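To start, the structure under review is shown below, and the notes come after it.
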Amino acid sequence: MSLNPKLNVKRDLSRFVEPSRILAEPADLICYSYDATRMESMPLIVVRARSTQEVSNVMRVANNHRVSVTPRGAATGLSGGSIPLKGGIVIDMTLMDRILDIDLDNLRVTVESGTVTNSVNVALARFGLIYPPDPSSHLASTIGGNIAENAGGLRGLKYGVTGDYVYGLEVVLPDGTVIKTTKDEQMSLGSFDLIRLLIGSEGTFGVITKAVLDVRPDPVTRKSALAVFDDLRQASGSVNAIISYGVIPATLEIMDNVTIRAVEEFLKIGLPMEAGAILLVEVDGDGDSVQWEFDRVTAAIKKSGSSDLKIAEDDSERENLWTARRAALSALSRVKPSTILEDATVPRSRLADLVNEVEMISRKYGLIIGNFGHAGDGNMHPTILTDLRIDAEAKKVEMAVEEIFSATIKLGGTLSGEHGIGFAKVKFIPLEFTSSDIDVMRRIKLTLDPNNILNPGKVLL
Amino acid sequence: MNKVGSISADVIKEAAFKCMKCGTCQSACPVYRETKNESFYARGKISLVEAVMTGKLKLSKDVEERLFTCLECRRCESACPSGVKVHEISRAIKEEIVGKGDLLWVKKYLFKYLFPYNGRFRLLGKVGNLFYRWFLKDLSPRNPIRSVFGLLGVGKDRVVPPISYDREGMGIDKIPEVQNPRATFIYFAGCGATYLYYGIIRSTISVLSSMGIQVIFIEDIGCCGAPIEASGDLKTFEQIRDRNVKMFNSVRADGIVATCSTCGLQLKESYYGKGLIDKQVFDISQVILKYGLPSELKLLDFRVTYHDPCHLSRGLGITKEPRDIIMSIPGVSFIEMFEADSCCGCAGFFTATHYLIASAIRKRKIDNVQNSGANVVVSGCPGCMMHIAEGIKQRDLKKTTLHLVELVDMSLHGNGALMKELAKQARLADDIKVS
């Protein structure tokens, strides 16, 4: 046996994976060292898995050599979940991208976990079906990554998040055991809900290899509007007014003045540059009910003090509104060299308070913070625009982020609306959880993964 | 590193720092789609460049190969939320690689001994034409001679395009003198039209002349230099460019018109954009639309689909003009194909150096062409035409590949000499009938 761990691991891996799918050159390793947080850590070796059996074998090799394993999809995550913090093996899941079955009777689709989120919807389109979770990265992100981070999206308010659509999973546990489980089976067991345990476990409890997802009929009609407000607090208040009128819109998004200006400068589609905030709202369903819901929504908006209401008259106008929202982060990122996107979520009723807090923090540190997000879910994305290469700035950003999260927790909120904890937010965990909360979760983790080899350094251990 | 190629390292660092690593370019990259390898698309390439600049990684052959596995189709740039100029970063690092003497040997020799010399190009066109007519034209897919292709490092199933240098075919000796011209344009034909598809030149002269535009054809102007600059050989490029610039500036004209999307983009970005030439550059579709087609057009019973060349759509922002022209031709039914603006996989040298990836990318394009049900594929770039035509022949589909200006010419002059020329070059499918 060689003393070089890399050679040993490589030799054992090559017993069941052909050499072209084992990457060990520095040029390759660098490309598997990062995700959308821009943090990086070099893996020892990358395996590009093609089957569940291979993933299971990788886990056994890793246990034998006591090297860590980090599962990786498209690496579009925003909390560092797929970064190989302790080196070790990265399992690249992107080659496992087959859509295995579309079950039209039970409205379910079975996919391998490396399948790109958007391609599920492309495959479903001709059957008039949709898979509702739509994280902004859906063009690149994988289903496995979405489940591991429990990703949300624009349609979350009415349709829920990724976890709400997971019917069944095939998972490789840290010791290499393969388990398959579905919601129905869980019900007959009547006790442990393994699926819930695995959703949002950020690749620390097991490697997801296949998923059975619930799908929905595509709503026939959609109607959108843009409401202009003088300030962000007023707009946040309007969110509660809309819901209290008995309507759950499919999408209810908010953008502050900083974001509006950035988007307008980027897209030039006639957004109100002077507005303090705008709300973008969409209702969907069948024709009559959509009109009824839409009327209620517009009534609520007018009553809560909106200075102007623009209704999208046709599909292209509607598309324009949503292009504006989807461009928010992109447009903000053009303003300054560094963009720090945070993910803070409070109960919907406290949205106005969160917005207040962020504004105060922004003034206190003299930082530009664009604030936008899924208002209907109380999920905001305060985005700090700065230049992290300047040390003083980086320090200020660090303190501001910490204050944003403290404020979020104080308002009864949570550290992550949809991006996960990864390792970017590990240090904030004690803000939200007591030591006994953390302890029990750690015990579950160690039961499944006694050597702590699966995605170490993330979330708990 | 103080410099990357001839660009200051700070400039490249700044450009690379704009990349948020969000991965949006992943879904845009045709090479990633086929290889699913992180190091083959923009986010990975930028990370490699950053690692080389910080000294974390050596600029080894391994890294160089990855950086050169690129179509330059710029889909990453148009998808990028942060506006990262990927092609500028890529060009600088390629220049660095060329400086090390690590350019692929074939490119090295072709750039040095062929591209700057029109005479050699023409000779190659003439000799190549003999070979083409003698046996390459009708070389069956199963002919044992194809094993020689393998020895030469060329895919065995390759279909050789109609190589030629045909002055008569091009019609450059008989450019009509237009009385009281509405405008005068220098026509820049480029290598693709000159040595493969001379019908494009013939049609451009014919169409523009019947629109009352005086065409000036400067024979001594050579390659625009796009493949050379894109490969990072700036010295050779500048040598070629400076020669061309003198000739462009020695003639009075209202502008330059190009029929090759890459040449058009190159002249616009690296000649006009740098203030070296005083004439604006237009694509043929822009000129046709600006001055308007003559009203007497003949009926063409074609089902046409249109392929967007990367450098025309994303490079020059021209997507609507060609479609408007196609739809204005009487009798033509236009069918939009799926993913019309995705790269065909040719990318100049790329299809020779990375044939496996190039043909995997093309497979999707030909599927889309086939599903559209069209019998004529129109495009605005000889490179795309060549690559698509090859894919069509390999599958033995009865479809004709035409340049936009050839289609317009057919509608203007019907069953004329052009059709004979197309048949002579084996470019016409059997089911095309012209009234």
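Coordinate-derived values only; no laboratory data. In this text the structure is predicted, and so the values were computed from the model without any measurement. Cβ coordinates were reconstructed from backbone atoms using ideal geometry, including for glycine residues, and neighbour counts include every protein chain displayed.
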Determine the shielding of peptide A:21-27 by partner chains: average, over its residues, the number of Cβ atoms on other chains within 10 angstrom of each Cβ. 5
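Excluding A:ALA352 itself, what net charge comes from residues whose Cβ is under 14 Å from its Cβ, given Lys and Arg +1 and Asp and Glu -1? If you can, show how the numbers build up before the last one.
Values: positive: A:ARG233, A:ARG348, A:ARG350; negative: A:ASP230, A:ASP231, A:ASP256, A:ASP353, A:GLU357, A:GLU359.
In short, -3.
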Nearby aspartates and glutamates by direct alpha-carbon distance to B:LYS235 (threshold 15 angstrom, same-chain neighbours under 8 apart not counted): B:GLU95, B:GLU96, B:ASP102
Could you give me the ³J(HN,Hα) list for segment B:284-291, computed from phi with Karplus coefficients 6.51, -1.76, 1.60 and θ = phi - 60°, whole Hz, x at Gly and Pro? 4, 5, 5, 5, 4, 5, 5, 9
For a distance above 28 Å, tell me the whole-number percent of Cα pairs in segment A:221-410 that qualify. 24
Can you compute 3J(HN,Hα) from phi for each residue in segment B:146-157, using the Karplus curve 6.51 cos²θ - 1.76 cosθ + 1.60 with θ = phi - 60°, rounded to whole Hz and x for Gly and Pro? 5, 5, 4, 3, x, 4, 7, x, 10, x, 5, 8
Degrees between helix A:52-65 axis and first principal axis of chain A (Cα, 0 to 90, nearest 10): 60
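For segment A:202-276, state which GluC sites (Glu not before Pro) are in a DSSP loop and have at most 15 other beta carbons lying within 10 Å of their beta carbon.
Details: sites: A:GLU202, A:GLU253, A:GLU264, A:GLU265, A:GLU274; in loops: A:GLU202, A:GLU274.
Passing sites in segment A:202-276 are A:GLU274.
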Of the options B:GLY380, B:SER250, B:ALA226, report the single residue whose Cα projects farthest towards the positive end of the charge dipole of chain B (beta-carbon charges: Lys, Arg +1; Asp, Glu -1). B:ALA226
The extension gain from A:ARG326 to A:LYS364, computed as 0.36 nm times the residue separation minus the Cα-Cα distance, is 10.8 nm
For segment A:99-217, what are the per-bin percents of Cα-Cα distances with bins 10 Å wide, up to the bin holding the maximum? 14, 49, 31, 5, 0
From the C-alpha gyration tensor of segment A:389-432, square roots of 5λ in Å: 21, 13, 8
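So, with +1 on the Cβ of K and R and -1 on the Cβ of D and E, and no other charges, what is the size of the charge dipole of the protein assembly as shown about its Cα centre, to the nearest 20 debye? Mind showing how you got there, number by number?
Details: 110 positive and 106 negative charges, 618 e Å.
Charge dipole of the protein assembly as shown: 2960 debye, to the nearest 20.
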Which whole-angstrom value gives the distance between the alpha carbon centres of segment A:230-283 and segment A:416-454? 35
For peptide A:144-151, how many partner chain Cβ atoms fall within 10 Å of a residue's Cβ, on average? 0
Dimensions in Å of the protein assembly as shown - Rg and Dmax from alpha carbons: 29.7, 93
Apply the Karplus curve 6.51 cos²θ - 1.76 cosθ + 1.60, θ = phi - 60°, to the phi angles in segment B:245-261 and return the couplings in whole Hz, x for Gly and Pro. 4, 4, 5, 4, 7, 8, 10, 8, 7, 7, x, 10, 10, 10, 10, 10, 5
How big is the gap, in Å, between the Cα center of segment B:58-134 and the Cα center of segment B:268-313? 25
By how many degrees, between 0 and 90 and to the nearest 10, does the Cα long axis of helix A:287-303 differ from the longest principal axis of chain A? 70
Could you state the number of Å between the C-alpha centres of segment A:308-338 and segment B:342-412? 36
Taking amide H positions as placed in the peptide plane 1.01 Å from N, state which residues far from A:LEU454 in sequence (5 or more) or on other chains have amide H under 5 Å from it. A:VAL69
Positive end of the charge dipole of chain A (Lys, Arg +1 and Asp, Glu -1 on Cβ, about the Cα centre): tell me which of A:THR94, A:LEU271, A:SER68 has its Cα farthest that way. A:SER68
Give the average, rounded to an integer, of partner chain Cβ atoms located within 10 angstrom of each Cβ in B:32-45. 4
Write down, largest first, the equivalent ellipsoid semi-axes of segment B:297-424 in whole Å, where each equals the square root of 5 times an eigenvalue of the alpha-carbon gyration tensor. 24, 16, 14
What are the extents of the Cα atoms of segment A:5-92 along their three principal axes, listed from largest to smallest and rounded to whole Å? 34, 24, 24
With Cα atoms, 0 to 90° folded angle of helix B:86-99 axis to chain B main axis: 70
For the protein assembly as shown, percent of DSSP beta bridges that are antiparallel (nearest 5) comes out at 70
Amide N proximity, segment B:230-265 versus B:ASP220 label position 7 Å along Cα-to-Cβ, cut-off under 16 Å: B:240-252
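Under the 0.36 nm per residue contour assumption, what length would be gained going from the current alpha-carbon distance of B:SER333 and B:ASP173 to full extension? Show your work: numbers first, answer last.
On the way: separation 160, 0.36 × 160 = 57.60 nm, distance 3.51 nm.
Taking B:SER333 through B:ASP173 to full extension adds about 54.1 nm, to one decimal.
Please report the net charge: other residues with Cβ closer than 13 Å to the Cβ of B:SER6, K and R +1, D and E -1.
Details: positive: B:LYS3, B:ARG91, B:LYS94, B:LYS235; negative: B:GLU88, B:GLU95, B:GLU96, B:GLU229, B:ASP233, B:GLU238.
So the surrounding residues net to -2.
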Select from B:ILE145, B:SER90, B:THR236 the residue farthest towards the positive end of the dipole of the protein assembly as shown; place +1 on Cβ of Lys and Arg, -1 on Cβ of Asp and Glu, and compute about the Cα centre. B:ILE145
Counting other C-beta atoms within 10 Å, and keeping those with at most 10, which DSSP coil GluC sites (Glu not before Pro) do you find in segment B:228-325? B:GLU296
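By the scheme Lys and Arg +1, Asp and Glu -1, what is the net charge of all other residues having a beta-carbon under 10 Å from that of A:GLY145?
Numbers: positive: A:ARG72; negative: A:ASP35, A:GLU149, A:GLU202.
Neighbour charge sum, excluding A:GLY145 itself: -2.
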